[in-house]
1. Between SER183 and TYR143, what is the spin-label point distance in nm, taking each point 7 Å from the Cα along the Cα→C-beta axis?
2. Between LEU351 and ASP126, what length comes free when the chain is fully extended (0.36 nm per residue of separation minus the Cα-Cα distance, one decimal in nm)?
3. I want to check the label-to-label distance for ALA61 and LYS165. Put each point 7 Å from Cα in the C-beta direction and report it in nm to one decimal.
4. Got a sec to turn the phi values of segment 110-116 into Karplus ³J(HN,Hα) couplings, 6.51 cos²θ - 1.76 cosθ + 1.60 with θ = phi - 60°, whole Hz, x for Gly and Pro?
5. Would you kindly derive the ³J(HN,Hα) couplings of segment 208-213 from the backbone phi angles with the Karplus curve 6.51 cos²θ - 1.76 cosθ + 1.60 (θ = phi - 60°), listing them in order in whole Hz, with x for Gly and Pro?
6. In debye, nearest 20, what is the charge dipole magnitude of segment 256-352 about its Cα centre with +1 on Lys and Arg Cβ and -1 on Asp and Glu Cβ, if you could check?
7. Full extension from GLN249 to GLU25: what is 0.36 nm times the residue separation minus their Cα-Cα distance, to one decimal in nm?
8. By how many degrees, 0 to 90 and rounded to 10, does the Cα axis of helix 192-205 deviate from the longest principal axis of the chain?
Amino acid sequence: MNLKRIILITASLVGVGTASPALAEWRTNYESAREALKNKDFRNAENAAVEALNESDAFGATDERKLASLEILSDIYRETRQWAAAGSLLEQVIQAMKTLGTDGSPDAGFVFNKLGVIYQQMRENDKAQVAYETALAIKRRKYKDNVTSIAIVVTNLGELYRRKKDWPKAEELHKQAIADKESELGPDHPTLVPSLNNLALVYKEVKRYDEAIALLTRAKAIAAKGDNAGRNADMATALHNLSDVLTAQTKYKEAKATYEEAIQMRKEVLGPQHPNVGESLNNYGALLQAMNLLEDALRAYDEAIQIRKLEFGASDQRTTLVMTNKAMALDRLKRFEDATKLREEIKQLELRRQNGQ
């Protein structure tokens, strides 16, 4: 939820909290949820947000307090990567805004952008594109002089096109986002780092490696000035992406050292079970396999598999992808019986996925 809307909601409650027990109770739980979310205390944040949502039923389905409760609970679920639950809540917010006739408002622009992120995480790319384009249309209409707000959505849309492998469109959008951020915030603002990272990935895919490395070097320099003396999520992502580019250039020794730094930093900053750690471990395993360090590759794959099972489930394609990589490493170690068993397990998991299990 954007800050202005939060201020308006909470300000409207000043002096009236004691007039209604339901209103006072809602306010207490809503503010508790906000504070717990800020402190990354997700369990207490969820409990308080659920209480606030239940209490908001008394105010009506389209009341601001109802929408605020839905949105903060969705934010909690986004932070804990419960994408389906988060998306369902924001869809309710959008439906209420349509009823109120406010689905073209600045607040709706923020909600559509967040919904696009959720759909993209759920791999519902067509729905994500509609959400992003709706958010972008609203922001261009309502925030003509705030190019940074527009650039946030442009960056997300560019990343969607990158994942759809539409390289020219992805490049166009990421370059636009970078130019917009530079014009308003200057050349060293931290919000540039995600856009630089994303454009570098586009260049890696089209084999423009030198341009990719130049962008990642710049991203690292900006991230180094950020939180925690440069040991932050932005720096870890830049290191991971640089490792990918170095691997594509077959600069394996440099890539290995850089992956190891990225993995350590991602574990430190994001936690050892974060899906980004799993991503780095899978790519690191593939590099080790290319270097014929097969036992080390198996260890990296095993750790990545465990992370992805916890995050996505055993039958998810992202999990079985790493399992397939492990099977190929087992083949090269001439552990054919183990490889065959693993491929049979993969086959059963893929059947479960196809059956919706």
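Readers should treat all values here as calculations from the given coordinates under stated rules, not as data from a laboratory. Bear in mind that the values here come from a model prediction, so they are computed numbers and not experimental data. Virtual Cβ from ideal backbone geometry, glycine too; neighbours counted across all protein chains shown.
1. Here the modelled spin labels are 1.5 nm apart.
2. In short, 78.5 nm is gained.
3. 4.3 nm
4. Using θ = phi - 60°, the values come out as 5, 5, 4, 5, 5, 5, x Hz.
5. 3J(HN,Hα) across segment 208-213, in whole Hz: 9, 5, 4, 5, 5, 5.
6. Around 200 debye, computed over segment 256-352.
7. 74.7 nm
8. Around 40 degrees separate the two axes.
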